[in-house]
Every structure is written in structure tokens, then in C-alpha cells.
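K.L.:
Handing you a structure now.
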Amino acid sequence: MTDDLLERAVAYLLAVLPDIGPDLSAPTPCRGWNTRTLLAHVDESIAALREGLAGGQVRLTPGAPMPNCAGTLHIRSRAEALLGDWANERPESVVVFDKPVSARVLGTVGALELTIHAWDLTAAAPAAPPIPDRLARQLLNVAPKLVPVADRWPLFAPPIEPPTAAPTDRLLAYLGRTRPPH
């Protein structure tokens with residue numbers, strides 16, 4: 001794990017956001033979620049990461065209703081603030097679900113979350129860039145530790161056969177995703 005993994009994941013998210021059109025009802029690879037719902041989830045994820053970095057604890061409420069999404073400009077602003085939080089002094093560990101994890105692990109989990117959901121958003125932004133190979137390779141190295149094959153449903157589908165040996169295809173296949181038809 002490298003300290004710049006979260007920074008590169010946020011940079012990828014920021015590269016995808018401008019290509020999302022005004023129709024936030026477009027479907028995404030996330031079952032039952034349209035672009036608006038996915039953006040709201042990304043906003044929630046960023047808020048959780050920022051909360052952990054600022055206060056040393058993430059207070060998750062499983063099953064709580066997602067907030068309405070304020071759009072891509074709001075997400076951009078929040079993602080940029082997350083970069084600032086990450087660059088500042090941060091706690092050594094963060095409590096998540098009553099268990100301490102290192103801030104570095106929190107950043108790695110955040111990097112995987114934001115990268116994959118940025119890729120999910122490319123379904124509504126066909127001109128958006130692909131996941132950078134280096135980022136995909138590094139996330140592929142940590143994904144089995146963060147998302148083991150057992151007990152991954154409903155967050156992730158079972159792994160599938162990747163269509164190519166490219167790092168992005170292998171990462172997406174491990175997480176049960178396929179490239180959307182554009």
C-alpha cells in the first residue's frame with residue numbers, strides 16, 4: 001500500500017466527474033442504482049473518510065437512507081476537500097464499526113471504493129477515462145484482502161473471468177463487474 005493510493009483514486013474520480021451529463025437517471029453497473037443514487041453514495045463515502053480523518057472515528061449507520069445528491073460540482077468540492085484532509089496530519093488509527101484500523105488502511109479502502117464507483121459512473125460518462133493501469137494494479141493487489149471471495153454479497157458480486165489480462169479488466173472481474181457496453 002502506498003500513501004498516494006487515495007490521492008490517485010480521488011484524481012481518477014475528479015477526471016470522471018466532468019464527463020457525467022445532466023441526466024442523473026442513467027443506470028449504472030450497481031444493481032438498482034442510477035447515476036444520482038451512485039453520486040449520493042460516493043458523497044457518503046467521502047463524508048465517512050473525512051469524518052475518520054478528522055475525528056478518528058467513522059460513525060456508520062447501516063441501512064440509513066442516503067441523502068439526495070447535490071450533483072457533480074458538490075462531489076468535486078467534497079473530493080478536493082478529502083485530498084486536503086489526507087494531506088494534513090491524520091490520526092494513526094481510526095475506529096470503524098468499533099474496531100481500530102490504521103489511517104493507511106482507511107485510505108486504501110477509500111481508494112478502492114472511490115475508484116470502483118468512479119468507474120461505475122463511466123456508464124453515464126462514456127467519454128470518461130479508464131482506470132489508470134498503475135492504480136488498477138495496486139488495487140488488484142489489495143482487493144483480495146479488502147473484499148474476500150467469501151461473504152462479499154450484496155456489496156460485490158462473485159468474481160468473474162476477466163475479458164483481457166489488462167489490470168482494469170482483472171480488477172473489475174475480481175469485483176464481479178464487466179465493462180458496460182458503450
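The values are calculated or read from the model by the stated rules, or taken from the named source; none is laboratory data. Only a predicted model underlies this, so the values are computations on that prediction, with no experimental measurement involved. Don't worry about glycine lacking a Cβ; one is built from the backbone with ideal geometry, like all the others, and counts go over all protein chains shown. Note: accessible area is taken over every heavy atom of the protein model, side chains too, but ligands, DNA and RNA are not part of it. Shrake-Rupley method; radii C 1.70, N 1.55, O 1.52, S 1.80 Å.
K.L.:
Identify all residues within the range 9-38 that are open to solvent by less than 50 Å² (accessible area, probe 1.4 Å) and modelled with pLDDT of 95 or more; write none if there are none.
P.N.:
Ala9, Val10, Tyr12, Leu13, Leu14, Ala15, Val16, Leu17
K.L.:
Name the single residue that is farthest from Leu53 (Cα to Cα) among those in the range 71-98 being of a type in the set (Lys, Arg) and modelled with pLDDT of 90 or more.
P.N.:
In this case the residue turns out to be Arg76.
K.L.:
Looking at the range 27-38 only, could you name the residues that are of a type outside the set (D, E, K, R) and assigned to a helix (DSSP H, G or I)?
P.N.:
Result: Thr35, Thr37, Leu38.
K.L.:
Identify all residues within the range 1-26 that are under 24 Å from Ala143 (Cβ atoms), outside any helix (DSSP H, G or I) and in contact (Cβ under 8 Å) with a residue 40 or more places away in the chain; write none if there are none.
P.N.:
Across the range 1-26, the qualifying residues are Met1, Thr2, Asp3.
K.L.:
Pro159 is checked against (1) out of contact with any Phe, Trp or Tyr (no Cβ under 7 Å at 6 or more places or on another chain); (2) open to solvent by 40 Å² or more (accessible area, probe 1.4 Å); (3) not aliphatic (A, V, I, L, M) and fails just one. What number does that condition carry?
P.N.:
Only one criterion in (1) out of contact with any Phe, Trp or Tyr (no Cβ under 7 Å at 6 or more places or on another chain); (2) open to solvent by 40 Å² or more (accessible area, probe 1.4 Å); (3) not aliphatic (A, V, I, L, M) is unmet by Pro159, namely (1).
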